[in-house]
Amino acid sequence: LAELVKERKLVNEDQLLQATAEVHGMRVANLEETKPQPEAVKLVQKQMAETGCRNYLMSLGPQIGATNTAFGQPKFDDGVIAYDQDKATRATLADFELFRKSLPPELGLMIDVHSALDPVRATQYAKDCEQFKMVYVEDLLTAKDESHYKVIRALTSTPLSIGEVWNNPAEWQPLVEQQLIDYIRCHVSHIGGFSAARKVAALADAYAVRFAWHASPNSPVGHMTNLTLDLTQSNFGIHEHVPYPKIIQDIFKGHLETKNGFAWVSEKPGWGMEIDEALASKYPLKLEHPNEVRTPDGAIRDGDG
């Protein structure tokens, strides 16, 4: 990188990001050609260069669809943000279009919808995403709307996944057996742990459905559990990883490591980790506001936020 900086006389941030990506063997478009959200391209490009990751997961969460309430307030009286479904879908589709024009074509794109859309909007969103050749679109619908997956599957080839809110076999099993989804993304601790997850993966394998266990949020122990499942089941799809701040790394010695876009399991006994309980006791958990998605008129969506 130093040689490229000297040879090309690179001075601005865009040029440095471009050179950093080149050092890591990635083809990168000219950042100056980006239009609506160049900062989003810079962020993804920077993360790719630093971590080597080849896939990027976005969220259709509350902030991206934040709007005023129907009463003109920035928030409801209890602090919950109003959510505009159409604003959120427009913003993410614009980002996808920009990414496909400005970033390497091999970059895998994913989106977690958090079940925040009604069935009609979810169906249209899946169709709109098809042109961007997604790795998957996650949690388009809530469990009570699962019958709409048959409609969506008939209208688009966009890969679909269901995730952390689908914990009961009565919810996700019909979708697997009818091959209405491509990835199953349950949270391992929610479905009964390691042994139960192996059974879920084996069932999914029989119907050509891959797994990509949910990991946000997850403890370092949970991440190592997911990675062990990844290594021991043949229908592994992709590993979701969320970097930890230094204090978490200090508490969980021997946590999962990532190198050049790949996750590495510990070779030590068990999960390969030791927990510093004395240090952990200095950072007690704090209660957070419940996750809710509300439309501007105050109606609560069934999504997980």
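When a/c is below 1.5 the answer is rounded, else prolate if a/b is larger than b/c, else oblate, so apply that to segment 183-305 with a ≥ b ≥ c taken from the square roots of the Cα gyration tensor eigenvalues. Working shown, then result.
On the way: a/c = 2.05, a/b = 1.05, b/c = 1.96.
Judged from the Cα gyration tensor, segment 183-305 comes out oblate (a/c at least 1.5, b/c at or above a/b).
Using the basic label-point model (7 angstrom from Cα toward the beta carbon), what is the residue 106 to residue 118 distance in nanometres?
It works out to 4.3 nm between the two label points.
When you count, for each residue, the other Cβ atoms within 10 Å and take the mean per peptide, how do 115-125, 91-101, 74-84 rank with the highest first? It would help to have the intermediate numbers written out before the result.
On the way: 115-125: 20.5, 91-101: 17.5, 74-84: 15.0.
In descending order of packing, they fall as 115-125, 91-101, 74-84.
For segment 31-149, max minus min Cα coordinate along each principal axis, in Å, sorted largest first?
42, 35, 24
Non-local amide H neighbours of residue 75 (under 5 Å, H modeled in plane, Pro and chain starts lacking H): which ones?
For residue 75, the qualifying residues are 69.
Arranged from highest to lowest average of other beta-carbon atoms within 10 Å per residue, in what order do the peptides 169-178, 253-262 appear? Please list the in-between numbers first.
Working: 169-178: 16.1, 253-262: 14.4.
The peptides rank, most packed first, as 169-178, 253-262.
Amide H to amide H, which residues 5 or more places from residue 263 or on other chains are under 5 Å from it, using H placed in the peptide plane?
none
Could you pull out every residue, at least 5 positions away or on a different chain, whose amide H is within less than 5 Å of the one on residue 108? Hs are placed 1.01 Å off N in the peptide plane, and Pro or chain starts have none.
When sequence neighbours closer than 5 places are left aside, the close amide H contacts are 55, 56.
FYI, it's all coordinate maths here, none of it is from the lab. The structure presented is a predicted model; accordingly, all values stated were derived computationally and were not measured. Here Cβ is always computed from backbone atoms with ideal geometry, including for glycine, and neighbour counts include all displayed protein chains.
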